[in-house]
1. Given R₀ = 22 Å, what would the calculated FRET efficiency be for SER93 paired with GLU32, taking r from the Cβ atoms and rounding to 0.05?
2. Taking neighbour counts of Cβ atoms within 10 Å as a proxy for exposure, in what order, fewest first, do ARG105, ARG29, ARG136 appear?
3. Taking the number of other C-beta atoms within 10 Å as the exposure measure, put LEU65, LEU98 in order starting with the fewest.
4. Can you put ASP91, ASP122 in order of Cβ neighbours within 10 angstrom, beginning with the fewest?
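What follows draws every value from the coordinates through simple rules; no lab data is involved. All of these numbers come straight from a predicted model, not from anything done at the bench. Glycine also receives a Cβ, built like all others from the backbone with ideal geometry; neighbour counts cover every protein chain displayed.
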Amino acid sequence: MVNNEELGFKYKDFHSKNALYWNNLANERQFELGKQLITISSLILTVSATAIFSFKGINFQEQPLQSYSLIISWIFILVSIICGLKQLEVDASYFNYLSGDESTRENKFNDLTYKKAKADVDSMKSTNPRSDGKWRLSQQIFFALGVIFITISAIFVLTLKVL
């Protein structure tokens, strides 16, 4: 016969596993988004530099607005890439934190009775559910600004070619 304590533990374990599953899924998506933005940023930087410098007859010294816009866009894109790489570093250290935290909790159950181990684990502070996302947010903002300024530069170049 199952007592209430065992039943409560099973439900707690069930919900804990589900929470970890959804948290893992969210972290994977954010991790993928960061990697994709790094890839896209690198591609935009390369393609824009190649496209801009392949246009003949455009003198950037005579059109300082478009050259400043292009330089600003490249700076934003580079900062976006740097922020994305920094976020990958933050995520890696967060996963190390989770691993250590889980090992600590697991070790509580190795040599103790169930009640003592449960009391020890319950007295621990809760695990941080997600890593710091400020670098990811910065990456996304700088990426958007870079794309905006690349677009402005492209408009300048295309209108000068038409005129």
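1. Numbers: r = 18 Å, r/R0 = 0.84.
So the FRET efficiency works out to roughly 0.75.
2. Details: ARG105 14, ARG29 10, ARG136 22.
Listed from fewest to most nearby Cβ atoms, that is ARG29, ARG105, ARG136.
3. Working: LEU65 11, LEU98 18.
Final ranking by Cβ density, sparse to dense: LEU65, LEU98.
4. Working: ASP91 20, ASP122 8.
Ranking ASP91, ASP122 by Cβ neighbours within 10 Å, fewest first, gives ASP122, ASP91.
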